[in-house]
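Only the coordinates and a few stated rules stand behind these numbers; no lab work does. Computed from a predicted structure; not experimentally measured. Virtual Cβ from ideal backbone geometry, glycine too; neighbours counted across all protein chains shown.
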Amino acid sequence: MTDLELQQLRREKWRLDGKPIRTIEQARAFLEEVGFCLMYPKRPALLVPTFIGAFVGSDSRLPEWQHAFKDPRAAEATELMVRLLRERNAFEANLFDENNGFLVTASAFPYFYALMGERNPKQAPKAGSRSAYSALACDAFELISRDGPISKEKLQGALGGSVSLPALDGALGELWSRLRITRVDYKAGEGSIWDVLYRWAPEAVKQGIGLSVQEALTALLSKYLDCVIAIEQSDLEIFFGNFVARSRVKDAVNALLAARELSFVHVSGRSMLQITPEKAPVVPAPIPRPKERSTTRWTGKQQSRKPV
């Protein structure tokens with residue numbers, strides 16, 4: 001395989017080949033095919049598809065989140081993405097940048113929850129010197145649990161007028177990055193609508209709790225490799241190092257290699273990991289039929305040959 005062939009395969013899978021998604025059915029199918037994607041491109045670039053790229057059908061001149069507000073294509077893509085959230089066909093997570101949502105298809109989300117989520121999601125977080133949550137995040141969680149789904153505007157009012165929007169954004173980010181809450185809708189005039197994840201998607205949370213980290217990581221590694229076609233192992237470790245320790249990623253890769261689920265392929269002189277291709281079934285060659293033996297029978301004036 002050459003680099004050019006690899007890039008072309010990715011462009012087809014990521015819908016960057018002039019075949020944009022326009023309907024909710026196409027959006028659902030795209031996300032299910034790739035498993036997860038960013039909403040907008042990220043700088044430095046991250047090897048993962050983008051929803052805006054699939055919506056446009058190209059990776060040329062795509063807006064980043066900082067400039068999305070003035071690009072009409074971004075508004076249309078966001079409307080389609082929000083429909084996926086409302087219907088629970090996708091979940092949005094704050095795993096890279098709270099302003100650039102990481103979209104995960106419903107079938108893959110339990111595996112991400114197993115890596116990032118709380119094992120006891122209904123237990124309210126507590127603030128403290130050793131806690132990962134601020135006091136404001138704990139208060140916000142309590143209010144969302146009680147009154148959600150709730151808009152950020154209403155949440156700010158319920159918390160008190162002294163709470164600034166930047167401070168509230170930071171508190172929501174703390175909860176969102178640990179999958180305690182999720183954005184479930186967006187309404188003009190109200191902004192984002194939030195709910196606790198265990199209430200919004202109880203089955204997904206339950207499945208995630210029942211998975212071990214190694215099970216979840218192995219499944220996600222396979223899905224990611226299917227999405228990117230082939231990747232160097234160091235880049236694979238960097239990507240999943242955002243979620244778990246890189247030592248765990250190495251162990252999962254070695255397990256998949258030992259099981260022959262993964263294999264190496266040479267791409268323009270570089271050794272890359274790929275999903276082991278299925279072997280074509282071997283069709284045995286037909287066994288030639290033996291030639292018919294014959295005898296000669298004499299009938300006096302003429303000779304005839306009849307098979308035995």
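Values computed for the structure shown
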| item | result |
| --- | --- |
| The chain: calculated mean residue ellipticity at 222 nm from DSSP helix runs of at least 4, using -39500 (n - 2.57) | -13000 deg cm²/dmol |
| Length released on extending from residue 207 to residue 226, taking residue separation times 0.36 nm less the Cα-Cα span | 4.6 nm |
| Globularity index of the chain, i.e. its alpha-carbon radius of gyration over 2.2 N^0.38 Å | 1.44 |
| Scattering profile of the stretch 150-267 at q = 0.11, 0.19, 0.20 Å⁻¹ [log10 I(q)/I(0), Debye over alpha-carbon scatterers] | -0.56, -1.01, -1.06 |
| Three principal axis lengths of the stretch 57-109 [C-alpha, angstrom, descending] | 31, 21, 19 |
| Positive-end residue of 111, 149, 135, charge dipole of the chain with Cβ unit charges | 111 |
| At least 20 Å along the helix axis (C-alpha) and Kyte average at least 0.5, DSSP helices within the chain | 213-228 |
| Charge sum, other residues only, whose C-beta stays under 14 Å from residue 84's C-beta, Lys/Arg counted +1 and Asp/Glu -1 | -2 |
| Relative contact order, percent, the stretch 32-91 [alpha-carbon distance under 8 Å, six or more residues apart] | 24 |
| Relative contact order for the stretch 212-275, counting Cα pairs under 8 Å that sit 6 or more residues apart, in percent | 41 |
| Whole-number D in µm² s⁻¹ for the stretch 212-275, Kirkwood Cα-pair radius fed into Stokes-Einstein, 4 °C, 1.567 mPa s | 111 |
| Distance histogram for the stretch 1-142 (every C-alpha pair counted, 5 angstrom bins, percent rounded to whole numbers) | 2, 9, 17, 20, 18, 13, 10, 6, 4, 2, 1 |
| For the stretch 11-208, size of Cβ-based charge dipole, Lys and Arg +1, Asp and Glu -1, in debye | 260 |
| Label-to-label distance, nm, for residues given as residue 96 and residue 259 (7 Å Cα→Cβ offset) | 2.7 |
| Positive-end residue, the stretch 56-207 charge dipole about Cα centroid, Cβ charges, pick of 58, 188, 82 | 82 |
| Mean-position separation - Cα centroids, the stretch 133-173 and the stretch 192-238, in angstrom | 27 |
| Length-normalised contact order of the chain in % [C-alpha pairs under 8 Å, at least 6 apart] | 16 |
| Nitroxide proxy distance, nm - points 7 Å out along Cα→Cβ at residue 47 and residue 3 | 1.3 |
| The stretch 212-275, dipole about Cα centre (Lys/Arg Cβ +1, Asp/Glu Cβ -1), debye to the nearest 20 | 80 |
